[in-house]
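Comments concern the structure below.
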């Protein structure tokens, strides 16, 4: 399924939205960007590092490499987060903050405005992007992991754009040494990025994708799952932006982040369980016999068993670590590709060869693969 879908009205709505987002941002923040000047650019290396770190974490959370077939939806999701979210969130936050100030007064707004406005409008704008892309690729996005990856991509695009916006605001507000302050803020945001937009939207993505794709389930089940995961995303955002409780500085600063990590970990544990159940079903298919026995492919289910199998393979063949990893990924790709087409139509490759240092057919099965 191509990213370019000219016959889809929704595709053109997406295109208009991602073009309008930057325009709306420029109308609101052109002055900030202009006067921040070169000082704001000092944060770019740290922001790039944030992108790499979160991207690496996201890949580690995808043990069965579902991302191989989700490049187009993930890129389109990240573009939505970096463009549409950036323009709309600024506008929405400004208007909602004013409404909260008018209703509850300045003192309440100073403490709670961010914790109320951001979880409402920012998560909603990201959720719309997740839903749009999920509808465009509904035939490809079917599992909870698909929703997690798509949601994380939308959130990561928003997160990087927000980091750049914070850099410009810091450069403007710094009275003496804007470059140092910009770098310090960027580093702080790197350390708090573990539970930021990408993690919140990842959970929302699980609920949205299951709501759209699981047509074999009742509406009550689908709406319930969506409400649960979207509620978890909003809860994480409220905790992230809420005023810190009194107490020791380190505890009050990082306790909400730790709670967010626990929420994400529990939700991810369920997603990982569904992935392993899906993979077990794949290796039990008759078509998988051309790749390896069910017992021989079972070590691919967990990281620990993969490491043991790689160690045994390297000890017996004299392969390097990289060669063993390439062989493992090749087996994993062959098994997961069984899910793309009907079993009788799946091209199976006998004796997978990773390149230099070929091994005979079926060797992997003797080492736990």
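The values are calculated or read from the model by the stated rules, or taken from the named source; none is laboratory data. Quick caveat, the model's predicted, so the values are computed rather than measured. Here the Cβ positions follow ideal geometry from the backbone for every residue, glycine too, while neighbour counts run over all protein chains shown.
Observations, loosely collected:
- Cross-chain or 6+ apart pairs with Cβ under 8 Å, the range 262-290 first and assigned to a helix (DSSP H, G or I), then loosely packed, with under 12 Cβ neighbours inside 10 Å and modelled with pLDDT under 95: 287/344; 290/350
- Boolean, residue 137 is crowded, with 21+ Cβ neighbours inside 10 Å and more than 22 Å from residue 160 (Cα to Cα): yes
- Only listed residue being surrounded by fewer than 22 Cβ atoms within 10 Å (Cβ to Cβ) and in the same structural domain as residue 154 (by TED's automatic domain parsing), chosen from 105, 87, 77: 105
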